[in-house]
Amino acid sequence: MPHPSPILSEAQALRCLLDGISPLAGQERIGLDQALGRVLAETLVAENAVPAFDNSAMDGYAVACKDAAREGEIRLAVSQRITAGLPPTPLKPGTAARIFTGAPLPNGADTVVMQEDCREENGYVVLQGPLTAGKHVRRAGEDIAADRAVLERGCVLRPQEMGLAASLGRATLAVYRKARVALVVTGNELVEPGTPLGPGQLYNSNRYTLTGLLAALGCETTGYYRVPDDLGATREALAEAARNADFILTSGGVSVGEEDYVQRAIAALGALHIRRIAIKPGKPLTHGHIQGTPLLGLPGNPVSLFVTFAVFARPALFKLQGRTHLSPLTLRARATFERRNPIKRREYLRARLHRTGDSGGLEVSIYPRQGSAVLSSTVWADCLAVIPEHGTVMPGQAIEVMPFSSLLSPLG
């Protein structure tokens with residue numbers, strides 16, 4: 001199969017990949033306690049204001065400012081005691097109400113005096129005037145106004161979104177269903193862990209890397225196909241995967257060698273859109289569709305697979321699951337290393353962030369061996385350092401980094 005020309009840039013490849021993916025149509029309704037990491041499929045609108053009533057932000061005394069308008073000590077009779085969860089009676093003029101945090105403010109009161117700023121004596125409270133209206137009072141609707149859109153469809157439900165939905169009284173939420181992803185791992189040399197290695201054989205690490213990555217992003221692995229280096233077997237596996245999954249991920253067999261069959265199988269079964277991308281590692285990345293099912297063919301080298309999953313599979317799967325924000329968090333950190341990138345490919349280095357001793361700024365170091373088969377580098381690292389095309393990095397230079405905490409999490 002001839003190479004297309006020119007090779008696609010990372011931006012061109014991402015645009016091609018994402019343009020060919022639509023969010024899943026399927027939705028489900030789940031309990032709020034099951035919502036972490038899921039993608040909201042409805043826009044939540046507040047039916048009522050939050051809070052629904054004026055309430056005290058402190059333990060203290062609710063009073064009317066007009067009853068404490070003069071300078072100096074003021075004594076007011078304590079006419080009632082108001083605790084959270086119970087309705088108060090209107091405040092009698094010239095009195096104060098003992099009140100606790102979260103309790104409703106009684107009609108007639110317009111401020112709260114902290115208990116630390118006054119004292120109670122024989123049924124009276126002694127405080128210092130004059131007072132300011134509204135102090136230590138949470139107003140109705142201060143957090144959320146009624147009829148306001150609070151959470152937009154496509155947002156990821158983190159603990160704070162779950163709490164906010166609960167504050168609206170929502171016990172269940174409509175979410176997009178999880179993407180069902182089929183894995184197709186190619187290679188005659190691969191054997192499963194637990195099996196003795198024969199001559200020229202390798203353990204199948206990519207299967208378990210991908211299984212973990214998919215689970216970390218909230219996807220379901222719906223099928224696993226172990227395929228030898230054979231065109232017929234590859235076509236059969238890809239066709240079956242397309243019938244049963246929303247998305248197909250393949251590992252290996254995407255280059256142009258005589259024993260690489262994934263691109264040929266895609267072209268025979270459907271449409272092939274991408275064959276090569278200008279990044280390192282991961283140049284022979286493949287994208288296409290089979291029977292309408294999107295496919296992303298990742299390189300077989302374990303680091304190349306890891307990097308291309310983070311850069312390409314992650315946003316594709318996020319869009320498939322209905323997310324509206326697809327870009328990962330990036331940071332700037334000062335390099336502790338020198339690196340020259342003479343080629344016209346963006347380079348992703350396995351790297352580790354740390355704080356400098358004096359200023360507390362971020363510095364980034366790279367793993368000493370950056371080969372595409374050095375899987376241990378991904379365990380040592382906590383981020384990817386990005387080196388631009390034809391770029392040179394010198395010690396102390398600020399560069400872009402992509403933390404794993406954002407790349408490899410459904411909340412990132």
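The values are calculated or read from the model by the stated rules, or taken from the named source; none is laboratory data. These numbers come from a predicted model, not from an experiment. Note that we place each Cβ from the backbone using ideal geometry, even for glycine, and neighbour counts take in every protein chain shown.
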Item to check | Condition met for residue 35 (closer than 20 Å to residue 178 by Cα and among the aliphatic types (A, V, I, L, M)) | outcome: yes
Checklist entry - Which of (1) hydroxyl-bearing (Ser, Thr, Tyr); (2) surrounded by fewer than 16 Cβ atoms within 10 Å (Cβ to Cβ); (3) within 30 Å of residue 121 (Cβ to Cβ) does residue 22 not meet, given it meets every other one? => result (3)
Checklist entry - (1) part of a strand (DSSP E or B); (2) closer than 18 Å to residue 55 by Cβ: which one isn't true of residue 109, the others all being true? => result (1)
Item to check | Search result, residues across segment 377-397 that are under 21 Å from residue 279 (Cβ atoms) and among the small types (Gly, Ala, Ser) | outcome: 377, 381, 385, 391
Checklist outcome for this item: Picked from segment 147-194 (must be loosely packed, with under 11 Cβ neighbours inside 10 Å and assigned by TED's automatic domain parsing to the domain that holds residue 227), the residue farthest from residue 265 (Cα to Cα) is 194
Item to check | Conditions (1) surrounded by fewer than 18 Cβ atoms within 10 Å (Cβ to Cβ); (2) within 21 Å of residue 282 (Cα to Cα); (3) within 20 Å of the chain's Cα centre (by Cα): number failed by residue 331 | outcome: (2)
Next on the checklist: For segment 185-229, which positions are more than 26 Å from the chain's Cα centre (by Cα) and β-branched (Val, Ile, Thr)?
Outcome noted: 185, 186, 191, 195, 227
Checklist entry - Has segment 326-345 got any residue that is within 24 Å of residue 14 (Cα to Cα) and part of a strand (DSSP E or B)? => result yes
